[in-house]
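**Student:** This is the structure I have questions about; it appears just below.
The values are calculated or read from the model by the stated rules, or taken from the named source; none is laboratory data. What you are looking at is a predicted structure, and each value in this text was computed from that prediction instead of being measured. Cβ placement follows ideal geometry from the backbone for every residue including glycine, while neighbour counts extend to all protein chains displayed. The area values use the complete protein model at the heavy-atom level, side chains included, leaving out ligands, DNA and RNA. Shrake-Rupley method; radii C 1.70, N 1.55, O 1.52, S 1.80 Å.
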Amino acid sequence: ARIGYAGVVLAGYGNLDVRGVREALGQAGLVVSGMHVGRDALMQNLAGVIADAKLLGARDVICPSWPKEEFTDRAACERIGEKLGELGAMLRGSGLRFSFHNHAVEMALFDGRTVFDWMLGAAEPRNLSAEPDVFWVHVGGQSPEQFLRRHGGRCPLVHLKDETEIGLGPVDFSAVFAATESIGAAEWYIVEQEKYTRTPLESVHACYEQLKKWGKV
């Protein structure tokens with residue numbers, strides 16, 4: 001919050017429970033701009049996920065991954081998309097929005113389309129959005145810009161990530177921003193950092209300063 005970030009996406013609660021997280025974020029003045037929730041929790045405890053999201057004031061629930069061994073062919077990918085759509089319909093019924101977050105594996109091709117394309121095509125847009133991770137789209141051999149131009153209307157959340165800190169790796173962020181902003185559906189740009197050459201907070205501070213230089217904060 002002192003760096004300037006307005007919100008955070010959660011991926012678990014660390015050493016706190018959900019009420020502790022709400023208190024800590026409230027004291028810091030940060031909102032919950034999304035919650036990553038694993039497949040097992042979504043399928044086995046959806047009521048608990050909904051209750052936590054309501055308590056935290058979060059609108060967006062994101063499935064962060066799916067077992068890659070299940071992406072066997074087009075039909076399998078479509079079945080996964082249908083299941084995600086069913087979960088999304090239930091979340092939508094509680095006033096929440098549901099997205100899927102990609103890694104490189106969802107950029108593999110079956111019958112000329114990516115795994116992620118087949119998944120999204122099998123679900124109604126109102127039930128399943130996308131949270132594209134632009135670095136993993138690139139690593140998977142696809143163009144982040146073209147993915148966003150195909151699906152940007154279903155991308156309220158966009159993960160900004162590079163090989164290290166944003167702007168220091170191979171991702172063409174000017175193309176990412178041009179595609180995203182030409183569509184106008186994105187509500188949050190989300191910095192995600194996985195590799196560090198300094199402390200995590202120093203890295204996310206550097207990412208924020210880069211976003212300032214680009215005029216994105």
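**Student:** Over the Cα atoms of region 19-140, what radius of gyration and what Dmax do you get, in Å?
**Tutor:** 15.2, 50
**Student:** Residues of region 198-217 with amide nitrogen under 11 Å from the 7 Å Cα-to-Cβ point of residue 174?
**Tutor:** None, by backbone N distance to the label point.
**Student:** Right, here's the next one. Across the chain, how large is the tail of the calculated P(r) beyond 21 Å, expressed as a percent of all Cα pairs? Mind showing how you got there, number by number?
**Tutor:** Values: 12787 of 23436 pairs.
Above the 21 Å cut-off, the chain has 55 percent of its Cα pairs.
**Student:** At a probe radius of 1.4 Å, what is the per-residue accessible area of residue 151, in Å² to the nearest 10?
**Tutor:** About 20 Å², ignoring ligands and nucleic acids.
**Student:** For region 1-101, run through the trypsin sites (Lys or Arg not before Pro) and keep only the ones in DSSP coil with at most 10 other Cβ atoms within 10 Å of their Cβ. All intermediate terms of the calculation are to be shown ahead of the outcome.
**Tutor:** On the way: sites: 2, 19, 22, 39, 54, 59, 68, 74, 79, 83, 92, 97; in loops: 2, 59.
Answer in residue order: 2.
**Student:** Please report, largest first and rounded to whole Å, the three semi-axes of the ellipsoid equivalent to region 145-199, where each semi-axis is the square root of five times an eigenvalue of the C-alpha gyration tensor. Please report the intermediate quantities before stating the final value.
**Tutor:** Numbers: eigenvalues 101, 27, 12 Å².
The answer is 23, 12, 8 Å, longest axis first.
**Student:** Find how many whole Å separate the alpha carbon centroid of region 25-62 from the alpha carbon centroid of region 111-165.
**Tutor:** Region 111-165 and region 25-62 have Cα centres spaced 22 Å from each other.
**Student:** Leaving out ligands, DNA and RNA, and with a 1.4 Å probe, what % of the accessible surface on the chain is carbon or sulfur?
**Tutor:** Details: 5150 of 10360 Å².
C and S atoms contribute 50 percent here.
**Student:** Same structure again: Report the semi-axes of the equivalent ellipsoid for region 112-217 in whole Å, largest first, where each axis is √(5λ) for an eigenvalue λ of the Cα gyration tensor. Mind dumping the intermediate values first?
**Tutor:** Details: eigenvalues 123, 43, 30 Å².
Semi-axes, largest first: 25, 15, 12 Å.
**Student:** What is the spin-label model distance, in nm, from residue 209 to residue 82 if the labels are put 7 Å beyond Cα along the C-beta direction?
**Tutor:** 5.2 nm
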